[in-house]
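One structure below.
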Amino acid sequence: MLKRNAVALAISSLFMVPVVNAVTIYENERGDFVKLYGEVGVGGHIGSNFEYDEFYADQSFIDDSFATMGVKGKNDKMHYRLELDYERENWAYGSGDMVLAIDKVFIGYDLYKSKNQEHYVEVGLTDTAFDDYDKWGDFTFDTTVETGEAGDQDMTAKYEGKYFGVIKVGASYTNRAESSSGSELGEVVSGYIGYFGDRFSMVAGAEGRGGSDGKSKYGEQRLLGAGARFAVTETFHLGVNAFYEEEDIGECTLWQEDDFSGERQCIGVFNEYETQENKGYLASAKYQLTDNWEFTASYNFEEYEKWAIENRNEQAASGNDKYSWGDERVWSTFGVNYRPTPSSVIALEWNTGEAAQDAYAYARVYF
């Protein structure tokens, strides 16, 4: 028979390391506290392929060093968080620079709490509701299917609740959301519902955005996603994840020629929005050999309508696909994680198939 606490801890350990190792600055008998937490990581993408449009530059190694530091606290029914990130903008259309950014600034209020129920709200710069669980069925760290939800956003109001000790729900509303490159997304509504048992858990979520009203290429969007985990034994876990998205993408219709370079530049007027369908799924596994060593693996599938459209256009012009993988791609990931201490990890992930890089390596320390 499985040990209840051991399995529950194994299921959640991937996401809880910074919280578990938070340093208590202040705590009183009422339960109020102030805690400092953070992470320092060094690593990067090895054998990266610029054709996959995931990185800012055509380089064989893309640095992915990262650090975060945050303060979280509770004062009676109020809770709060301030979190700063120092990261390299290495994604497509990013600057490639190491930048310091405020990742979270929010205040929350506990509406109700009992043994089997919790209800609270948060307001400020925080993650949208579905962002908490969009990769729930994925045990790997970096190189798998991306759902594409809105992520952390300013001007966000969020509700989260727990029912019967195992059912969690969440919903959020964001006014004037932005993409990672700063493009306007419009209003975003996000939500999820999930069951979190000791051996089995699953989450389903949805997100929708109102679009930028012609101010960027991003129009309306509808996103559905789901993930599940199952602890076969204490040491062997399986997971699945999937998403389906309908996204309206516009074309720039007002251009201006640069006086010096002669290059055309879009000056921010978009229309002719067309709906594109995107989808992806993965199956993932994790095996914990010892307290220090664990192995992960995943099988991944992605299909973006953008690839099919641009491949057809290129076929008409030159007779060849624009993208070497065609209209869809499939790849696998195999990882080895070594944990010298409970609050640190050294890992390497290899990729086979149509992946955007050959490997991903990093070392992280949490506090």
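Output the residue which, of all residues in segment 159-178 that are charged (D, E, K, R) and either in contact with a Pro (Cβ under 9 Å, 6 or more places away or on another chain) or farther than 18 Å from PHE196 by Cβ (or both), is least open to solvent (accessible area, probe 1.4 Å).
The extreme case among them is GLU178.
Within segment 206-214, is there a residue that is surrounded by 14 or more Cβ atoms within 10 Å (Cβ to Cβ), among the polar types (S, T, N, Q) and more than 26 Å from ASN300 (Cα to Cα)?
Yes, some residue in segment 206-214 is surrounded by 14 or more Cβ atoms within 10 Å (Cβ to Cβ), among the polar types (S, T, N, Q) and more than 26 Å from ASN300 (Cα to Cα).
Condition first: among the charged types (D, E, K, R) and closer than 21 Å to GLU178 by Cα. Can you find one or more residues in segment 283-293 that meet it? Quick ask: steps written out before the conclusion?
Just the residues of segment 283-293 that are among the charged types (D, E, K, R), to begin with: 286, 291.
Adding the requirement that they be closer than 21 Å to GLU178 by Cα leaves none.
Taking every residue of segment 283-293 in turn, none turns out to be among the charged types (D, E, K, R) and closer than 21 Å to GLU178 by Cα.
For residues that are modelled with pLDDT of 85 or more and either over 19 Å from the mean Cα position of the chain (by Cα) or of a type in the set (A, V, I, L, M, F, W, C) (or both), tally how many sit in segment 142-167.
To start, the set of residues in segment 142-167 that are modelled with pLDDT of 85 or more comprises 145, 151-167.
Okay, now just the ones that are also either over 19 Å from the mean Cα position of the chain (by Cα) or of a type in the set (A, V, I, L, M, F, W, C) (or both), so 145, 155, 157, 159, 161-167.
Residues flagged as modelled with pLDDT of 85 or more and either over 19 Å from the mean Cα position of the chain (by Cα) or of a type in the set (A, V, I, L, M, F, W, C) (or both) within segment 142-167 amount to 11.
Condition check ((1) small (Gly, Ala, Ser); (2) part of a strand (DSSP E or B); (3) within 26 Å of GLU54 (Cβ to Cβ); (4) out of contact with any Leu (no Cβ under 7 Å at 6 or more places or on another chain)) across all residues:
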{"site": "ALA157", "(1), (2), (3), (4)": "yes, yes, no, yes"}
{"site": "LYS162", "(1), (2), (3), (4)": "no, yes, no, yes"}
{"site": "LYS168", "(1), (2), (3), (4)": "no, yes, no, yes"}
{"site": "ALA171", "(1), (2), (3), (4)": "yes, yes, no, yes"}
{"site": "THR174", "(1), (2), (3), (4)": "no, yes, yes, yes"}
{"site": "SER181", "(1), (2), (3), (4)": "yes, no, yes, yes"}
{"site": "GLY186", "(1), (2), (3), (4)": "yes, yes, yes, yes"}
{"site": "GLY191", "(1), (2), (3), (4)": "yes, yes, no, yes"}
{"site": "VAL203", "(1), (2), (3), (4)": "no, yes, yes, yes"}
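Considering only segment 296-345, state which residues are assigned to a strand (DSSP E or B) and either in contact with a Pro (Cβ under 7 Å, 6 or more places away or on another chain) or exposed (fewer than 15 other Cβ atoms within 10 Å of the Cβ) (or both).
Selection gives VAL330, VAL336, TYR338.
Being aromatic (Phe, Trp, Tyr) and either open to solvent by 40 Å² or more (accessible area, probe 1.4 Å) or over 16 Å from the mean Cα position of the chain (by Cα) (or both), is that true of even one residue in segment 127-139?
Among the residues of segment 127-139, not one is aromatic (Phe, Trp, Tyr) and either open to solvent by 40 Å² or more (accessible area, probe 1.4 Å) or over 16 Å from the mean Cα position of the chain (by Cα) (or both), which makes the answer no.
Taking only segment 53-77 into account, find how many residues are in a loop (DSSP other than H, G, I, E, B), within 24 Å of the chain's Cα centre (by Cα) and not polar (S, T, N, Q). So that I can check it myself, show each step before the final result.
We begin by selecting, within segment 53-77, every residue in a loop (DSSP other than H, G, I, E, B); these are 53-54, 56-60, 64-65, 76-77.
From what is left, the residues that are within 24 Å of the chain's Cα centre (by Cα) are 53-54, 56-60, 64-65.
From the residues that got through so far, the ones that are not polar (S, T, N, Q) too are 53-54, 56-58, 64.
Count: 6.
Restricting attention to segment 297-344, which residues are in contact (Cβ under 8 Å) with a residue 24 or more places away in the chain and hydrophobic (A, V, I, L, M, F, W, C)?
The answer is ALA297, PHE301, ILE309, TRP325, VAL330, TRP331, PHE334, VAL336.
Could you list all residues from segment 37-65 that are free of Cβ contacts under 8 Å to residues at least 24 places away in the same chain and out of contact with any helix residue (DSSP H, G or I) (no Cβ under 8 Å at 6 or more places or on another chain)?
Keep residues of segment 37-65 that are free of Cβ contacts under 8 Å to residues at least 24 places away in the same chain, which gives 50, 58-61.
Residues satisfying the conditions are PHE50, SER60, PHE61.
I'd like the full set of residues that are open to solvent by 60 Å² or more (accessible area, probe 1.4 Å), assigned to a loop (DSSP other than H, G, I, E, B) and of a type in the set (Asp, Glu), limited to segment 25-52.
GLU29
Only residues that are more than 16 Å from ASP63 (Cβ to Cβ), outside any strand (DSSP E or B) and open to solvent by 40 Å² or more (accessible area, probe 1.4 Å): list them for segment 346-363, please.
GLU354
So, ASP134, is that one touching a Leu at 6+ places or on another chain (Cβ under 7 Å), under 22 Å from GLY239 (Cβ atoms), among the charged types (D, E, K, R) and in contact (Cβ under 8 Å) with a residue 40 or more places away in the chain or not?
Values: touching a Leu at 6+ places or on another chain (Cβ under 7 Å): no; under 22 Å from GLY239 (Cβ atoms): yes; among the charged types (D, E, K, R): yes; in contact (Cβ under 8 Å) with a residue 40 or more places away in the chain: yes.
No: the conditions fail for ASP134.
The values are calculated or read from the model by the stated rules, or taken from the named source; none is laboratory data. Everything numeric in this text was worked out from a predicted model, so none of it was measured. In this analysis, Cβ positions are derived from the backbone assuming ideal geometry, glycine residues included, and neighbour counts consider all displayed protein chains. For the accessible areas, the whole protein counts, side chains as well, though only heavy atoms, and no ligand, DNA or RNA atoms are used. Shrake-Rupley method; radii C 1.70, N 1.55, O 1.52, S 1.80 Å.
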